[in-house]
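A quick write-up on the structure given underneath.
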Amino acid sequence: MRILFIGDIFGRPGRNIVKDRLPGIVRDHGIDLIIANGPVDQLNREINTPHGTFGIATDEGSALIVLLFIRNGVLLDKRTFEFKNMKLDSESLLIEFLNRYYTSEVYTPHEILIPMPINLEALEFDAKILVPRSSEKKGFIEIAQENADIQLKTIRRKLQTRLLKMN
């Protein structure tokens, strides 16, 4: 894992330098995690364009939702949620999950990227919900979807291995 530590980010000039140069540094050096010391409220407003990006995979009554936390094009964190004995279709599961997650979470990102159109009137919170059209944001969805698919297949494979060992 490659970690980038940034010392004190001071004032508007410091924020502007980070805002302008960080994406290139992350891309060129394959940075996985960024730790920065600076005025958090200013960093959140000026440096970050927050996205919550979702991927969903379903298979034989099981489902897996992957949430990627992306700021300024950089993947900062990932959370995985597994659902067993699922009786909801993908759209209903995503709506239910979004409502529960974002009505209980303290922070709702500026944009939430989802892999499929949903009934926005069914949502119980305010946020900008997008099914991406731009190639960059579609790329985020593709990463989340691929993560969800791989993780669900891995869970299935481990379960099958355990069942075979029991026999």
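Before moving on, here are some points about what is shown:
- For the condition farther than 13 Å from Thr53 by Cα and either of a type outside the set (Phe, Trp, Tyr) or out of contact with any His (no Cβ under 8 Å at 6 or more places or on another chain) (or both), Met166 qualifies.
- Boolean, Phe125 is surrounded by 11 or more Cβ atoms within 10 Å (Cβ to Cβ) and out of contact with any helix residue (DSSP H, G or I) (no Cβ under 7 Å at 6 or more places or on another chain): no
- Filter pass, Ala36 being at pLDDT 75 or above and either over 30 Å from Ser92 (Cα atoms) or surrounded by 11 or more Cβ atoms within 10 Å (Cβ to Cβ) (or both): no
- Residue count, the stretch 39-76 (criterion: closer than 25 Å to Ser92 by Cα and at pLDDT 75 or above): 20
- Scanning the stretch 83-99 for residues that are surrounded by fewer than 13 Cβ atoms within 10 Å (Cβ to Cβ) and at negative phi yields a total of 3.
- Leu163, sole failed condition from (1) crowded, with 16+ Cβ neighbours inside 10 Å; (2) at pLDDT below 85: (1)
- Positions within the stretch 72-97 being without any contact (Cβ under 8 Å) to a residue 24 or more places away in the chain, over 17 Å from Pro115 (Cα atoms) and assigned to a strand (DSSP E or B), in sequence order: Asp77, Phe83
The values are calculated or read from the model by the stated rules, or taken from the named source; none is laboratory data. Just so it is clear, the model here is predicted, and its values are computed rather than measured. Using ideal geometry, Cβ is built from the backbone for each residue, glycine included, and neighbour counts are taken over all protein chains shown.
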